[in-house]
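Data block below; observations after.
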Amino acid sequence: MINHEIKIAFQEYSSVDELGVTDQALCAEAVNAMVHSHSPYSKFKVGAALRLKSGKIIHGSNQENVAYPSGLCAERVALFYWGANHPDDSIETMAVTAYTDEFELQKPVTSCGSCLQVLAECEKMQNEQVKVILFVGKGPVWVANGIESFLPFLFFEDRLS
Ligand SMILES: [Zn+2]
């Protein structure tokens, strides 16, 4: 028997103000993206913003449905839009935030496993890592360079592609 241990790496900042101006601007775009969140069931708004190599910004927000499984997370709304419209313009950074009136969020909301898996495939498609910035109104900001930090056991099988 062999015991394995995996360490993940990410940076923590005390607030968005500590980020560079370009990343601060992208965080503001993620906040703007929440305007179009359709979340009448969870009352939990999520906004995602992608900055592409050209400078173009893509917004995504969670889109719920009365048939619950039909909805989709903000990250995948943005990532699938990118794949359908701008696959040749690499994603440099993704910022994700969340807000609810129900309680105060005190730490970043991390993306679900399905969104991480989709982001992993986007990295594979563009052959470049994506910087991920997770933040909420208050509390720390978490930044990871590349999705493997958040999903070390991402699924990939070369023989399928
Ligand atoms: Zn998700």
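Worth pointing out:
- All other residues whose Cβ lies under 15 angstrom from that of THR93 are scored, Lys and Arg at +1 and Asp and Glu at -1, for a net of -3.
- Rounded is the label for the chain. Its Cα gyration tensor axes, ordered a ≥ b ≥ c, give a/c under 1.5.
- Between ALA25, ALA49, ALA78, the residue with the greatest mean-square fluctuation in the GNM of the chain (Cα pairs under 10 Å linked by springs) is ALA25.
- Calculated FRET efficiency for the pair THR110/GLU18, C-beta based, R₀ 25 Å, to 0.05: 0.80
- Sequence-distant contacts, meaning Cα pairs under 8 Å at least 6 residues apart, place the relative contact order of the range 108-161 at 37 percent.
- Extension gain, TYR41-ALA67: 0.36 nm per intervening residue step, less the Cα-Cα distance, totals 8.3 nm.
- Residues of type aspartates and glutamates that LYS138 reaches as a straight line, Cα spacing below 20 Å, ignoring anything fewer than 8 places off in the same chain: GLU12, ASP17, GLU18, ASP23, GLU29, ASP101, GLU102, GLU104
- Computed 3J(HN,Hα) for the range 87-96, one whole-Hz value per residue from the Karplus formula 6.51 cos²θ - 1.76 cosθ + 1.60 where θ = phi - 60°, is x, 8, 10, 4, 7, 8, 9, 10, 10, 10, glycine and proline marked x.
- Highest-MSF residue in the chain out of GLY60, GLY47, GLY139 [GNM, Cα springs under 10 Å]: GLY139
- Summed residue charge, Cβ within 12 Å of SER54's Cβ, Lys/Arg positive, Asp/Glu negative: 0
- At R0 = 25 Å, FRET efficiency that the Cβ-Cβ distance of LYS7 and ALA28 yields, to 0.05: 0.20
- The phi torsions of the range 44-51, fed into the Karplus equation with coefficients 6.51, -1.76 and 1.60 and a -60° offset, translate into couplings of 10, 8, 10, x, 10, 9, 10, 9 Hz, rounded to whole numbers, with Gly and Pro shown as x.
- The antiparallel fraction among DSSP beta bridges confined to the range 18-143 stands at about 75%.
We did not get these values from a lab; they are worked out from the coordinates using the rules stated. Note that the structure is predicted; figures quoted are calculated from it, not measured. Every residue, glycine among them, receives a Cβ derived from its backbone with ideal geometry; neighbour counts consider all protein chains shown.
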